[in-house]
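A quick write-up on the structure given underneath.
The values are calculated or read from the model by the stated rules, or taken from the named source; none is laboratory data. Given the structure is predicted, the values throughout are model-derived calculations rather than measurements. Cβ coordinates were reconstructed from backbone atoms using ideal geometry, including for glycine residues, and neighbour counts include every protein chain displayed.
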Amino acid sequence: TVTQENNKACTMATLSSLPPILQPKEEDIQMMLSAEVHIGCRNSDPNMREYIWRRRQQDGIHILNIGKTWEKLMLAARVIVAIENPEDVIAISARPYGMRAVLKFAHYTGAQSIAGRFTPGTFTNQITKQFREPRLLVVTDPRTDAQSVRESSYVNLPVIALCDSDSPLQYVDVAIPGNNKGKHSIGLIYWLLAREVLRLRGTVSRHTDWDVPVDLFFHRDPEELKKAEADEEAAVEVVAPVVEAPKAFDEVDPTAGAVMVDAPAGGFAGAVPTGDAGFGEAAAPATESGW
């Protein structure tokens, strides 16, 4: 669309300050546009104005500058790599669409994760079992994860946050502007952040593609998974041939497959008449008194 093309041109102009090694590829920009990372909401926070490119006239949605998003992604990756112990980084998401993303991000970067409800006092109350002392905090939404952001200010924790056009920036040190309400947008941002962290550490080469698909970072609805499994089972039942179960021994017809042969008038050769009614034996001639 025209909006995407204009946003792409604005992005290239914004990224001119980055060194060549940190410049994004055309595929990265296309993925961010396809995942609607640049789509904000109708409301805006005064502190987020510098990250907003324009506002659409037809619906009033704010469009974020993807160039700023990429710059802050590179900055956040460099901040994460500066932490010597990867386990001192905690990724948090109370929003359901970001739970799978933070789990995968923590898995591939060696960080810790808290998916779901954040227990108050995790950073301040040493008596609790969940007490942790991280050195860096990564949150999906400063408003949804407000408790963890507030506690980070008590213990001097730097905070990296995914911020929409209406997100508050209080106690946030590095704001990554992007759509933090869509499952594809959240998953893609965490995937790009994890890939850049591994590239800066030297684990992944910049000249080859990362072998981890971005689909692993997307939220999956349990109902959709059940529906997909049911569709697959139905398709298998239609394609698979019908195989009859073997019959039990008692149900087998003893005459099935046998060839019936008429006996000759004189009986079979070799039959010995003994007078008894046996198999293959000649019958005794009937007498007048035998009727």
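Scanning the stretch 135-146 for residues that are surrounded by 20 or more Cβ atoms within 10 Å (Cβ to Cβ) and either among the hydrophobic types (A, V, I, L, M, F, W, C) or under 24 Å from GLU84 (Cβ atoms) (or both) yields LEU136, LEU137, VAL138, VAL139. Scanning the stretch 100-125 for residues that are assigned to a loop (DSSP other than H, G, I, E, B) and under 25 Å from the mean Cα position of the chain (by Cα) yields GLY110, ALA111, GLY116, ARG117, PHE118. Flag: VAL149 matches the condition of being buried (at least 20 other Cβ atoms within 10 Å of the Cβ), closer than 20 Å to ASP45 by Cα and among the β-branched types (Val, Ile, Thr).
Every residue, every condition in (1) surrounded by fewer than 16 Cβ atoms within 10 Å (Cβ to Cβ); (2) aliphatic (A, V, I, L, M); (3) in contact with a Leu (Cβ under 8 Å, 6 or more places away or on another chain), yes or no:
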position	(1), (2), (3)
ARG56	yes, no, no
ASP59	yes, no, no
HIS62	no, no, no
ASN65	no, no, no
GLU71	no, no, yes
VAL79	no, yes, yes
TYR97	no, no, no
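Only one entry in VAL242, VAL236 is over 21 Å from MET31 (Cβ atoms), in a loop (DSSP other than H, G, I, E, B) and modelled with pLDDT under 80, namely VAL242.
When the stretch 126-170 is limited to residues that are among the hydroxyl-bearing types (Ser, Thr, Tyr) and part of a loop (DSSP other than H, G, I, E, B), the one that is nearest to the chain's Cα centre (by Cα) turns out to be THR140.
Residue-wise test of (1) in contact (Cβ under 8 Å) with a residue 60 or more places away in the chain; (2) surrounded by fewer than 17 Cβ atoms within 10 Å (Cβ to Cβ); (3) within 21 Å of PRO134 (Cα to Cα).
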site: MET31; (1), (2), (3): yes, no, no
site: CYS41; (1), (2), (3): yes, yes, no
site: ASN47; (1), (2), (3): yes, yes, no
site: ALA106; (1), (2), (3): no, no, yes
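Among the residues of the stretch 171-212, those that are farther than 19 Å from GLY67 by Cβ, modelled with pLDDT of 90 or more and outside any helix (DSSP H, G or I) comprise TYR171, VAL172, ASP173. Taken together, the residues in the stretch 213-236 that are farther than 24 Å from GLY116 by Cα and of a type in the set (Lys, Arg) amount to 1.
Pairing each residue of the stretch 168-180 that is small (Gly, Ala, Ser) with any residue that is surrounded by fewer than 18 Cβ atoms within 10 Å (Cβ to Cβ), provided the two are 6+ apart or on different chains, yields C-beta distances under 8 Å for ALA175/LEU169.
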